[in-house]
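The structure appears right after this line, and notes come after that.
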Amino acid sequence: GKKLGYAFNNRNFHNVSLGQGQEVVAEQVLDLAAKEGHWVILQNIHLVAKWLSSLEKKLEQHSEGSHQNFRVFISAEPAPSPDSHIIPQGILQNSIKITNEAPTGMHANLHKALDNFNQDTLEMCTRENEFKSILFALCYFHAVVAERRKFGPQGWNHSYPFNTGDLTISVNVLYNYLEASSKVPYDDLRYLFGEIMYGGHITDDWDRRLCKTYLEEFIKPEMLEGEFFLAPGFPLPGNMDYNGYHQYIDDALPPESPYLYGLHPNAEIGFLTQSSERLFRVLLEMQPRDSSVGEGGMVTREETMKALLEEMLEKLTDEFNIAELMVKVEERTPYVVVALQECERMNVLTSEIKRSLQELDLGLKGELTMTSDMENLQNALFLDMVPESWMKRAYPSTASLGGWFADLLTRIKELEAWTGDFSLPSSVWLAGFFNPQSFLTAIMQSTARKNEWPLDKMTLQCDVTKKNREDCASPPREGAYVHGFFMEGARWDTETGLITDARLKELAQAMPVIFIRAIPADKQDTRSMYPCPVYKTRQRGPTYVWTFNLKTRENPSKWVLAGVAMLLQI
């Protein structure tokens, strides 16, 4: 359910539903309550879908004969899909509908953050200089974390409902701590802001690291010791009055760009490209699906489907014979176990693809009655999308059907080559696994058995080589060579062996072969290293695989703010 609040004003009953991201609407109602007086606000009463029909009937009953000032206020968040539309049509048709869009861009967001305070706020603390500096830094932090969402997974792995309440409570905490302490307790303040006020929303460890890094960069002793930059070209302002801060934002804040968030300009290119792709995808889905012959004798939709079906069925190879493969195995090493597991998963996927395609083929020929599943499959093939029944049995992917199927065939070839004699490939295509973690774990298991080390006290060391896949003639004595990585947010400089800034318009750079081996955890060198997360796709979040330490000459915080990660698919 969504949060539901009721507001009572004398004899008037007001209803306020608080959904994620609807705090602005709620605050406006609370302001109205404060002005009129005699209101009681009840929040956190859960709203269930079944009750909405009762609400509709109650509204009809009270539409006549009720107090002339009777009003009902309802706010709701946008539904993620048409299936989630639960507000009855009657309520919608009889309502005056208002949207309250959040500000866009750093300029508007920073002004909006500062609007939560006034001159009295700036003057309330006895340690005026420290209070004003940290308050402005907090406003900038709030604007950054709120607007960074537009960059998608490179901004945040998940979208969080940061709201003005987080900011105003943080400023109250700041006031209390400054009044009670002789020194500015930077560590305590960062912890409270990053782990409780804002961190209370955050569910992902990498997002928590990002939030913590922002606060470490924005709120530290150096901010009071001289010129201190919140972003390139935007120094922290000195001691000003309230209107002076607003004017400073207008005069000094650089034009909108990813640099204001610590991101590379490529992040904006990627964000705009994905937005365009979504738009064209929706336009494609809205196209008529008439199966009649078009002008000029164009092929019908059914004929297109039949040709595609035949091509896909012809290219799919037979399933792996697990029993025969087991006979080949001399020793069930960790690597062999991984190979067999991958073959089993591939069999589940390819058997479903064949079954569904053959069923659809019979349906198109009229030998079977078309079912909803067959129609869904047909629509997905027509729109060049991976069918849902296939995705359930497959691996995360953002590719269209054509690219996805070509990738599937490559994965099958890699497995066939590996299971030919079960000898470890000279370089392993890590992206070709359903479960890449299983292979990385197998590296540790093999080393642990060989050296009789405890598995729970081992870790993986990642050394980026200067080799391409073709340069690897044989596997290493210990560990494995792996390839198929791409770096997003930065690039790898092969000459220096360090992370460096990405080239403009090069959104994801292919990485050289990486040598991965297992070592005791206490021998791991973490100096001048950036702990780089590895994900299966650009969706990041739930597709997390592992963390590899990569060498860097610059402060690792730069790459944290830039959202640098390695991807197995682009």
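The values are calculated or read from the model by the stated rules, or taken from the named source; none is laboratory data. From a predicted model like this one, the values you see are computed outputs, not experimental measurements. Positions of Cβ are generated from backbone atoms using ideal geometry, with glycine treated the same way; all protein chains shown enter the neighbour counts. Just so you know, the surface numbers come from the protein's heavy atoms only, side chains and all, with ligands and any DNA or RNA stripped out. Shrake-Rupley method; radii C 1.70, N 1.55, O 1.52, S 1.80 Å.
Could you tell me which of the residues Thr168, Thr126 is in the same structural domain as Met223 (by the TED database) and part of a loop (DSSP other than H, G, I, E, B)?
Thr126
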Quick one: is Gln461 part of a helix (DSSP H, G or I) and either modelled with pLDDT under 95 or surrounded by fewer than 21 Cβ atoms within 10 Å (Cβ to Cβ) (or both)? no
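What about Pro512, is it outside the structural domain of Arg332 (by the TED database), open to solvent by less than 70 Å² (accessible area, probe 1.4 Å) and under 29 Å from Glu268 (Cβ atoms)?
Yes.
Kindly indicate which of Met240, Met197 is over 18 Å from Met106 (Cα atoms), hydrophobic (A, V, I, L, M, F, W, C) and surrounded by 15 or more Cβ atoms within 10 Å (Cβ to Cβ).
Result: Met197 is the single residue among Met240, Met197 that is over 18 Å from Met106 (Cα atoms), hydrophobic (A, V, I, L, M, F, W, C) and surrounded by 15 or more Cβ atoms within 10 Å (Cβ to Cβ).
Per-residue answers, yes or no, for (1) open to solvent by 30 Å² or more (accessible area, probe 1.4 Å); (2) out of contact with any strand residue (DSSP E or B) (no Cβ under 8 Å at 6 or more places or on another chain); (3) touching a residue at least 40 places away in the same chain (Cβ under 8 Å):
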{"position": "Leu167", "(1), (2), (3)": "no, yes, yes"}
{"position": "Ala180", "(1), (2), (3)": "yes, yes, no"}
{"position": "Pro185", "(1), (2), (3)": "no, yes, no"}
{"position": "Asp188", "(1), (2), (3)": "yes, yes, no"}
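Could you pull out the residue among Arg538, Arg517, Arg527 that is in contact (Cβ under 8 Å) with a residue 12 or more places away in the chain and either in contact with a Phe, Trp or Tyr (Cβ under 8 Å, 6 or more places away or on another chain) or in a loop (DSSP other than H, G, I, E, B) (or both)?
Arg538
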From the list Phe405, Phe382, Phe422, pick out the single residue that is over 29 Å from the mean Cα position of the chain (by Cα) and of a type in the set (A, V, I, L, M, F, W, C). Phe422
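Among the residues of the stretch 385-401, which ones are touching a helix residue (DSSP H, G or I) at 6+ places or on another chain (Cβ under 8 Å) and open to solvent by 60 Å² or more (accessible area, probe 1.4 Å)? Quick ask: steps written out before the conclusion?
Taking the stretch 385-401 first, the residues touching a helix residue (DSSP H, G or I) at 6+ places or on another chain (Cβ under 8 Å) are 385-390, 393-394, 396-397, 399, 401.
Met385, Glu388, Arg393 - these are the residues of the stretch 385-401 that are touching a helix residue (DSSP H, G or I) at 6+ places or on another chain (Cβ under 8 Å) and open to solvent by 60 Å² or more (accessible area, probe 1.4 Å).
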Have a look at Arg553, Arg540, Arg527 and point out the one that is in the same structural domain as Ser438 (by the TED database), of a type in the set (Lys, Arg) and open to solvent by less than 60 Å² (accessible area, probe 1.4 Å). Arg540
Among the residues of the stretch 309-351, which ones are farther than 22 Å from Phe439 by Cα and buried (at least 18 other Cβ atoms within 10 Å of the Cβ)? Leu309
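Could we say that Thr447 is open to solvent by 10 Å² or more (accessible area, probe 1.4 Å) and on the phi < 0 side of the Ramachandran plot here?
The answer is no for Thr447.
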Scan the stretch 85-106 and give yes if some residue there is touching a Phe, Trp or Tyr at 6+ places or on another chain (Cβ under 9 Å), modelled with pLDDT of 70 or more and within 30 Å of Ala137 (Cβ to Cβ), otherwise no. yes
Sole residue being open to solvent by less than 40 Å² (accessible area, probe 1.4 Å) and farther than 27 Å from Thr543 by Cα, chosen from Leu408, Leu357: Leu357
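Only residues that are out of contact with any Pro (no Cβ under 6 Å at 6 or more places or on another chain) and open to solvent by less than 40 Å² (accessible area, probe 1.4 Å): list them for the stretch 419-434, please.
If the condition is that a residue be out of contact with any Pro (no Cβ under 6 Å at 6 or more places or on another chain) and open to solvent by less than 40 Å² (accessible area, probe 1.4 Å), then Thr419, Phe422, Pro425, Ser427, Val428, Ala431, Gly432, Phe433, Phe434 are the ones that fit.
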